[in-house]
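One structure is given here, and the rest of the page talks about it.
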Amino acid sequence: MKPGISAFILAAVLMMPAAVFAQDPSPLINTKRMTLETALRVAHEALLACRAKGVQVAVTVVDRGGHVQAQLRDVLAMDLALEISRQKAYTAMSFNLPGSELARRFDSPNHVGKVDGVLFAAGGLPISAQGSILGGVGVSGAPSGKTDEACAQAGVQAVHDELEMAD
């Protein structure tokens, strides 16, 4: 590459951030977050959906930062199900995709799923509304990930319309 061209490219790259920042004069970003009551409702409805299937599970709801906002474990659910449900919720929120979809995408032995706390398995769903990711829900303890995911879906559906219509 000619010296004049590389200097031009460098100048363009250095000027880009100024142009990007000039478009938005506010130094703040407004984000939407679920209330604690909403997170608890998601978790409770997911737990009830699994109970209706005769299964006792653990449910975790994480916020958009991946922090646990609500966590429930039914009486007979294994303690280990708590951590698995948290990892499912965190992974679904992080990738904004259902865990069942992620499990199929990352099936090589050297994939990102080797990162601690990331679990590509059915039973985790993102929670989103109005085009924004709000968090994730993970369910663990059913005999299959398909059942875990169906229960997670029941939790998300319980609040979906309210979230979509919220100000």
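What to note about this one:
To keep it simple, each residue is scored yes or no on (1) buried (at least 20 other Cβ atoms within 10 Å of the Cβ); (2) of a type in the set (V, I, T); (3) closer than 24 Å to T31 by Cβ; (4) in contact (Cβ under 8 Å) with a residue 40 or more places away in the chain.
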residue: A81; (1), (2), (3), (4): yes, no, no, yes
residue: I84; (1), (2), (3), (4): yes, yes, no, yes
residue: K88; (1), (2), (3), (4): yes, no, yes, yes
residue: I127; (1), (2), (3), (4): yes, yes, yes, yes
residue: Q130; (1), (2), (3), (4): no, no, yes, yes
residue: G138; (1), (2), (3), (4): yes, no, yes, yes
residue: G155; (1), (2), (3), (4): yes, no, yes, yes
residue: D161; (1), (2), (3), (4): no, no, yes, no
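- Residue check for G123: small (G, A, S), within 21 Å of H44 (Cβ to Cβ), without any contact (Cβ under 8 Å) to a residue 40 or more places away in the chain and buried (at least 18 other Cβ atoms within 10 Å of the Cβ): yes
- Output for the range 39-71, where each listed residue is in a strand (DSSP E or B), in contact (Cβ under 8 Å) with a residue 60 or more places away in the chain and surrounded by fewer than 22 Cβ atoms within 10 Å (Cβ to Cβ): D63
- Residue tally, condition in contact with a strand residue (DSSP E or B) (Cβ under 8 Å, 6 or more places away or on another chain) and either modelled with pLDDT under 85 or of a type in the set (S, T, N, Q) (or both), over the range 103-136: 1
- Screening A154 on (1) touching a helix residue (DSSP H, G or I) at 6+ places or on another chain (Cβ under 6 Å); (2) among the small types (G, A, S); (3) in a loop (DSSP other than H, G, I, E, B) shows it passes everything except condition (3).
The values are calculated or read from the model by the stated rules, or taken from the named source; none is laboratory data. Because the structure is predicted, anything quoted here is derived from the model rather than measured. Neighbour counts are summed over all protein chains in view; Cβ atoms, including those assigned to glycine, are modelled from backbone coordinates with ideal geometry.
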